[in-house]
Amino acid sequence: MPRRKIPTKAELIQLQKLYKTDEKIAERLGNISPQLVAYWRRKKNIPKHSFPKFSRQEIADLWERFGDDYRCGLELGISKAAFYNWRRKYGLKEKPAFLKLEQLELDLGGPSKSTGRKANYGHQTITQKILAETAGLERVEPGEMIEAEPDLALSNDNTEQVIRQFLSFGLSYVWNPNRIVIALDHNAPVSSLAAAEGHRAIREFVKRQNIKYFYDVREGISHQLIIERGHILPGQFGVGTDCHATSYGSIGAFATGIDTEEMAAIWATGKIWIKVPPTIKIIINGRMPIGVFAKDVILFVASKLKCDGAVYRAIEFNGNAVSQMSISERFTMTNMAMELNAKAAICSFDTITRRYLSGRTKMPYRPALPDKDALYDETYEFNIDQLVPQISCPDKVDNVETVADRAGLPVDQVVIGSCTNGRFDDLRIAADIIKDKKIHPEVRLLIFPGSREIYLEALKKGLIRALVEAGAMIMSPGCGCCTGLHQGILAAGERCLATTNQNSRGQMGSPEAEIYLVSPATAAASALRGVITDPTGYFK
Amino acid sequence: MIITGRTVLLGDNISARMIYPDEGNKSLNPAEMAALLFNGIGDTDHPRSNVDDIIVAGRNFGIGDNSLPAIMALQAAGIRGIIAVSFGRYFFRRAINHGLPIIEAEMPGGLAGGQQIEINLSGGKISFPGGEKFFQPYPDFILRIIEAGGLIPSVTAGVSRR
């Protein structure tokens, strides 16, 4: 009898998604015991499928509030039949006695059963679909102003200002403590007394308000944490008091940066007004040549579209190059899209996104995909087959040249990290180049891992050791010198090569310092040579 | 909600720093801010605006950073509203969040400065001598913000009503 082929990890995950329990998977594969499936799972480190659990209190509250299986199911992200089963389990057979305000509103033209993405309205971009869904409308058009409830409200060190504004309203509790995420990353750990006082005020507020998702200075950069911990999901709408919130488009969410005053208003009312932006479609085709990375691609796009290329518009990244990119690479693209002044940037949801999110979230989600006949404001198409490493020169991000053009300029400081390029694969690229060599004695190489998770993984895989042996400094995960606050401020006349996202005058300290933006590979190669270096030669 | 005023004509690409150059003056005194309004345009005979004016401008009004002081200066000078073909991203949001009516519309070229015009925000209509121009009217939640004089006052009012 031939030996049964053991399914690969991906196959097993796929099976688990479809059939949930070990028994069902065994039944599907036929002729094997559930215990064998469980054994494979343990070998491949796949956790047991967990069904969502809802407490009686939760179910009873929702039932009391809406009195409708479909509406309650929507709130929990389950079907109406599933909700019906849950309430039968807890013995809630009768309709609630009183008609509640929400039900009245429901009848007065609120979200009705016909809304949702299943219906085919046509001509809609991802942005339109997500915003229509959050606003409870059938469809929205670019230029329309809508009022929406965000699925995520992120704030960082400037939470202190939000708190001050919020308290001035005279309210005692925030709108929804489970949708608020606070991560201290700009000043981590604090560098001044004023900032320390601010952090203390934030910690006290978080405790008082029962905000579950609070990440203290040890955890890392807010944007990285949001994606890593599954705080925003495909098809959702998020806002953050940091302009690089556009990064969440990497998993197919619409997210944008707002002011602290607006955040305070959200904490109070749960609502924000937003003008539906038109969408630009950017198609990127081709294969990334050796030594070229997502950062080079987006810098190239920036050089073509210029800094005002996407003002008040959303970007959709498309094309076969983007669909082959990892979430980390898409993160780099959507993060830098903010430098084109885009309101949001989105890569559409696909199997790569699904795989990334499995294990990071237990919540169900409904991704938004663009219609085939979606109407775009403008469409750009680029081919990256012949792309060479790019460098963004001072003082503007769109001032882009090829690295070869600027090669040979001496460098004082090299920074690898930030929300743009501080993930594990970025560190690995840098470590692969630097490993077993010594960096130039006149160069200071600063490494900022994006989060504690990335830091730990890099530590386990030996990247940190390789980097430190070569002469790099490992800083605590955070925004560090990218914000010009601390940890590597530049003096006048110094030249810095950074994998960060902004290079305006005085961004990292002295206005007379020069900041060049590059990919981690260019940064690492330049750190070795002490001058700006094209990294292509380091890849064999 | 209806606002009226006399027109002040401005061109394309008026950046926030042209509206209010704050290098010399960091004070938030309304009178001082109003005096510096449009000082960044550079022209010696740049428009001096008066109370109750409505600005009519071209493309990209208020682009660039520093939009908040520019809006505060415009309000300090008593500007009633702004009509432009397009606005800078931050300028647009912040103007509405500070209660400054701001309308995206292209006015006909024949419009002269100093003319009396009327903007009907809820109806989406601009009436000027010799014609009318329609724009997408403001939804209720935006009108509430503008009537209250900004996002923060409108939230405060909403909270105290609760």
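For region B:74-86, filtering for residues that are crowded, with 24+ Cβ neighbours inside 10 Å and either modelled with pLDDT under 85 or within 14 Å of chain A (Cβ to nearest Cβ) (or both) leaves 1. Residues in region A:517-531 that are buried (at least 24 other Cβ atoms within 10 Å of the Cβ) and under 11 Å from A:Leu497 (Cβ atoms): A:Leu517, A:Val518, A:Ser519, A:Pro520, A:Thr522, A:Ala523, A:Ala524, A:Ala525, A:Ser526, A:Ala527. Inspect region A:87-109 for any residue being modelled with pLDDT of 75 or more, away from chain B (no Cβ under 14 Å) and closer than 22 Å to A:Gly235 by Cβ and give the result as yes or no. The answer is no, given that none of the residues of region A:87-109 is modelled with pLDDT of 75 or more, away from chain B (no Cβ under 14 Å) and closer than 22 Å to A:Gly235 by Cβ. Among the residues of region A:264-320, the ones that are assigned to a helix (DSSP H, G or I) and away from chain B (no Cβ under 14 Å) come to 13 in all. When we screen A:Glu453, A:Glu442 for residues that are surrounded by fewer than 16 Cβ atoms within 10 Å (Cβ to Cβ), acidic (Asp, Glu) and touching a strand residue (DSSP E or B) at 6+ places or on another chain (Cβ under 8 Å), the only hit is A:Glu442.
Any residue at all in region A:410-422 that is on the phi > 0 side of the Ramachandran plot and either modelled with pLDDT of 95 or more or buried (at least 18 other Cβ atoms within 10 Å of the Cβ) (or both)?
yes
Of everything listed in (1) part of a loop (DSSP other than H, G, I, E, B); (2) more than 26 Å from the chain's Cα centre (by Cα), the single unmet condition for A:Ala525 is (1).
Yes/no matrix, rows are residues, columns are (1) touching a residue at least 12 places away in the same chain (Cβ under 8 Å); (2) part of a loop (DSSP other than H, G, I, E, B):
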{"position": "A:Glu160", "(1), (2)": "yes, no"}
{"position": "A:Gln165", "(1), (2)": "yes, no"}
{"position": "A:Leu171", "(1), (2)": "yes, yes"}
{"position": "A:Ala196", "(1), (2)": "no, no"}
{"position": "A:Ala201", "(1), (2)": "yes, no"}
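For region A:130-176, the candidate set comprises residues that are small (Gly, Ala, Ser) and under 23 Å from A:His244 (Cβ atoms); within that set, the residue that is surrounded by the fewest Cβ atoms within 10 Å (Cβ to Cβ) is A:Ala148.
Considering each of A:Ala342, A:Ala374 in turn, give the residue that is surrounded by 17 or more Cβ atoms within 10 Å (Cβ to Cβ), within 14 Å of chain B (Cβ to nearest Cβ) and outside any strand (DSSP E or B). Of A:Ala342, A:Ala374, the one residue that is surrounded by 17 or more Cβ atoms within 10 Å (Cβ to Cβ), within 14 Å of chain B (Cβ to nearest Cβ) and outside any strand (DSSP E or B) is A:Ala342. Would you confirm whether any residue within region A:9-19 is in a helix (DSSP H, G or I) and in contact with a His (Cβ under 6 Å, 6 or more places away or on another chain)? Taking every residue of region A:9-19 in turn, at least one turns out to be in a helix (DSSP H, G or I) and in contact with a His (Cβ under 6 Å, 6 or more places away or on another chain). Looking across region B:111-142, just one residue is surrounded by fewer than 17 Cβ atoms within 10 Å (Cβ to Cβ), among the hydroxyl-bearing types (Ser, Thr, Tyr) and within 14 Å of another protein chain (Cβ to nearest Cβ), and that is B:Ser122.
Within region B:145-156, the set of residues being within 10 Å of another protein chain (Cβ to nearest Cβ) and on the phi < 0 side of the Ramachandran plot comprises B:Ile145, B:Leu151, B:Ile152, B:Ser154, B:Val155, B:Thr156. So is A:Arg444 touching a residue at least 12 places away in the same chain (Cβ under 8 Å) and among the charged types (D, E, K, R) or not? Against the criterion (touching a residue at least 12 places away in the same chain (Cβ under 8 Å) and among the charged types (D, E, K, R)), A:Arg444 qualifies.
Filtering region B:107-124 to residues that are more than 26 Å from B:Thr156 (Cβ to Cβ), out of contact with any Ser or Thr (no Cβ under 9 Å at 6 or more places or on another chain) and touching a residue at least 12 places away in the same chain (Cβ under 8 Å) leaves B:Pro108, B:Gly110, B:Gly123, B:Gly124. Determine, yes or no, whether A:Ile6 is loosely packed, with under 15 Cβ neighbours inside 10 Å and free of Cβ contacts under 8 Å to residues at least 40 places away in the same chain. Yes.
Within region A:328-346, is even one residue farther than 24 Å from A:Asp242 by Cα and in contact (Cβ under 8 Å) with a residue 24 or more places away in the chain?
There is no residue in region A:328-346 that is farther than 24 Å from A:Asp242 by Cα and in contact (Cβ under 8 Å) with a residue 24 or more places away in the chain.
For region A:464-476, check the following and say yes or no: at least one residue is under 23 Å from A:Asp157 (Cβ atoms) and buried (at least 18 other Cβ atoms within 10 Å of the Cβ). Yes, region A:464-476 contains at least one residue that is under 23 Å from A:Asp157 (Cβ atoms) and buried (at least 18 other Cβ atoms within 10 Å of the Cβ).
The values are calculated or read from the model by the stated rules, or taken from the named source; none is laboratory data. On a predicted model such as this, the values are computed, not experimentally measured, just so you know. Backbone-built Cβ (ideal geometry, glycine too); neighbour counts: all protein chains shown.
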